[in-house]
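Single-structure report; data block below.
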Amino acid sequence: MKEDVFNNVLEKVSETTDVNVESILRSNKEECVDARYIAIAVLSERLSDRQISEVSGWSIQLVSKAKNAFRERCKFRWGLKESYKEISYLCAM
């Protein structure tokens, strides 16, 4: 179940942001970090920080930091909030 949710969210983030899944998971390029933060924000609506960490391989600290910093990041990244809304809607279907 957790893995299905995780894979679905990553697929939707990848499709919407045009960032491949492997880059979302590992790259530190700005667009990849933005995509990762979106994924974590959407995942946090469905899974705990620990569950996200378990299925993603990201540390709990990274998950927590990304989740807590997402709103602030949206203020400075045009389109980030809109992408999040679109992906959140797609994942809810």
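The values are calculated or read from the model by the stated rules, or taken from the named source; none is laboratory data. Note that this is a predicted model, so its numbers are computed, not measured. Glycine gets a Cβ as well: all are built from the backbone with ideal geometry, and neighbour counts include every protein chain shown. Each accessible area value is taken on the protein alone, full model and side chains, heavy atoms only, with ligands, DNA and RNA left out. Shrake-Rupley method; radii C 1.70, N 1.55, O 1.52, S 1.80 Å.
Considering region 1-28, and only residues there that are among the β-branched types (Val, Ile, Thr) and surrounded by fewer than 17 Cβ atoms within 10 Å (Cβ to Cβ), the residue that is farthest from Ile52 (Cα to Cα) turns out to be Thr16. Residues in region 29-47 that are surrounded by fewer than 21 Cβ atoms within 10 Å (Cβ to Cβ) and either more than 23 Å from Arg71 (Cβ to Cβ) or not hydroxyl-bearing (Ser, Thr, Tyr) (or both): Lys29, Glu30, Glu31, Cys32, Val33, Glu45, Arg46.
Across region 48-92, the qualifying residues are those that are farther than 15 Å from Glu31 by Cα and touching a residue at least 60 places away in the same chain (Cβ under 8 Å), and the one among them that is least open to solvent (accessible area, probe 1.4 Å) is Ile87.
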